[in-house]
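The values are calculated or read from the model by the stated rules, or taken from the named source; none is laboratory data. Note that this is a predicted model, so its numbers are computed, not measured. Note that each Cβ is placed from the backbone with ideal geometry, even for glycine, and that neighbours are counted across all protein chains shown.
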């Protein structure tokens with residue numbers, strides 16, 4: 001611990017702390033934003049705060065919990081890899097203890113244990129901008145096995161519930177309704193009935209309240225997802241989409257939203273990667289957080305939203 005504190009002293013905007021009963025967390029901060037990285041339960045983000053207000057949903061009843069062989073569903077800024085239905089179970093990665101270290105000014109990374117079940121080790125790198133809310137997040141999937149692995153990035157970030165989810169739709173979508181509703185059970189409903197909680201305006205899918213089934217996927221090629229909270233925060237993710245590459249989820253989805261009353265899960269999905277032994281693949285998201293008034297009539301000003309999004313940095317893509 002002393003060595004880590006001494007190493008951190010040379011880097012600005014970094015601090016070692018205990019957060020929500022978890023020791024060994026790393027804080028990245030600038031004049032308005034605070035990020036807390038938590039390595040004790042699956043390498044998560046516990047806080048992404050603007051002016052002291054956290055946009056992430058964090059379950060207080062989980063504070064201090066660690067993986068002890070029982071099934072847990074950690075909250076906060078989670079992440080994973082897929083494909084969802086074919087990747088082997090990997091509780092060591094998703095729930096296990098990680099290591100964490102500071103790597104620069106407002107910059108750190110968390111490293112998982114090596115997992116024989118999947119044959120990979122994960123590295124998550126974070127860099128907070130000197131000013132403003134831009135958080136660069138890269139997940140690296142490293143093949144530690146003796147055979148090629150086929151996996152994809154799959155982000156699973158919890159934000160606070162009851163807000164408005166906004167997802168751009170693909171005008172050339174292979175889905176008849178331009179989105180698919182999962183459920184009930186294992187059904188993938190490609191012709192969902194209209195419902196009040198879901199609407200489409202100007203090519204953007206808006207989820208206004210818990211839908212009949214919580215999981216909705218799209219095959220968007222635009223590369224952003226947004227969410228407006230009830231307490232007036234606008235969360236935006238920008239990420240690359242590769243229209244010429246293969247996506248490995250069953251319906252070749254590039255994004256998913258999982259909307260429950262308590263939280264909403266914002267999920268960019270990466271293309272399928274064939275990773276040779278000893279090699280790695282990386283996927284980068286940019287996160288942004290702004291003050292933004294939640295509209296009483298639930299009609300987000302989409303022109304203003306798109307103007308804001310178009311000004312933000314995007315990872316490289318083939319678009």
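Taking residue 235 as the residue in question, decide whether it is closer than 23 Å to residue 52 by Cβ and touching a helix residue (DSSP H, G or I) at 6+ places or on another chain (Cβ under 8 Å). Spelling it out, it is not the case that residue 235 is closer than 23 Å to residue 52 by Cβ and touching a helix residue (DSSP H, G or I) at 6+ places or on another chain (Cβ under 8 Å).
A search for C-beta distances below 8 Å between a residue of region 47-61 that is over 21 Å from residue 131 (Cβ atoms) and any residue that is in a helix (DSSP H, G or I), counting only pairs 6+ apart in sequence or on different chains, returns nothing. Every condition in (1) modelled with pLDDT of 95 or more; (2) over 20 Å from residue 164 (Cβ atoms) is met by residue 237 except one, and the failing one is (2). If you go through region 82-98 and keep only what is outside any loop (DSSP other than H, G, I, E, B) and over 17 Å from the mean Cα position of the chain (by Cα), you end up with 91, 92. Any residue in region 78-85 that is without any contact (Cβ under 8 Å) to a residue 40 or more places away in the chain, surrounded by 16 or more Cβ atoms within 10 Å (Cβ to Cβ) and within 26 Å of residue 256 (Cβ to Cβ)? Within region 78-85, none of the residues are without any contact (Cβ under 8 Å) to a residue 40 or more places away in the chain, surrounded by 16 or more Cβ atoms within 10 Å (Cβ to Cβ) and within 26 Å of residue 256 (Cβ to Cβ). Every condition in (1) assigned to a strand (DSSP E or B); (2) over 14 Å from the mean Cα position of the chain (by Cα) is met by residue 152 except one, and the failing one is (2). Which of the residues that make up region 212-221 are touching a strand residue (DSSP E or B) at 6+ places or on another chain (Cβ under 6 Å) and either buried (at least 20 other Cβ atoms within 10 Å of the Cβ) or within 26 Å of residue 50 (Cα to Cα) (or both)? Correct list: 216, 217, 218, 220. Residues in region 127-144 that are surrounded by fewer than 18 Cβ atoms within 10 Å (Cβ to Cβ) and over 15 Å from the mean Cα position of the chain (by Cα): 129, 130, 131, 132, 144. With respect to residue 165, is the statement that it is at pLDDT 95 or above, under 22 Å from residue 250 (Cβ atoms), in a strand (DSSP E or B) and out of contact with any helix residue (DSSP H, G or I) (no Cβ under 6 Å at 6 or more places or on another chain) true? Answer is yes for this residue.
One line per residue, one yes/no per condition, for (1) modelled with pLDDT of 95 or more; (2) surrounded by fewer than 19 Cβ atoms within 10 Å (Cβ to Cβ); (3) over 21 Å from residue 120 (Cα atoms):
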| position | (1), (2), (3) |
| --- | --- |
| 15 | yes, yes, yes |
| 26 | yes, no, yes |
| 36 | yes, no, yes |
| 40 | yes, no, no |
| 55 | yes, no, yes |
| 65 | no, yes, yes |
| 91 | yes, yes, no |
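Considering only region 99-118, state which residues are within 19 Å of the chain's Cα centre (by Cα) and either loosely packed, with under 15 Cβ neighbours inside 10 Å or under 20 Å from residue 275 (Cβ atoms) (or both). Result: 109, 110, 111, 112.
All of (1) surrounded by fewer than 23 Cβ atoms within 10 Å (Cβ to Cβ); (2) touching a strand residue (DSSP E or B) at 6+ places or on another chain (Cβ under 8 Å); (3) modelled with pLDDT of 95 or more; (4) under 25 Å from residue 132 (Cα atoms) hold for residue 8 with one exception: (3).
The numbered conditions (1) in contact with a helix residue (DSSP H, G or I) (Cβ under 8 Å, 6 or more places away or on another chain); (2) at pLDDT below 95 are all true for residue 186 except (1). Please find, within region 277-319, the residue that is farthest from the chain's Cα centre (by Cα) out of those that are within 17 Å of residue 229 (Cβ to Cβ) and assigned to a strand (DSSP E or B). The extreme case among them is 291.
Cβ separations smaller than 6 Å between residues 6+ apart or across chains give the following pairs from region 102-122 residues that are part of a strand (DSSP E or B) to residues that are modelled with pLDDT under 95: 102/8.
Being crowded, with 19+ Cβ neighbours inside 10 Å and over 22 Å from residue 249 (Cβ atoms) holds for only one residue in 206, 196, and it is 206.
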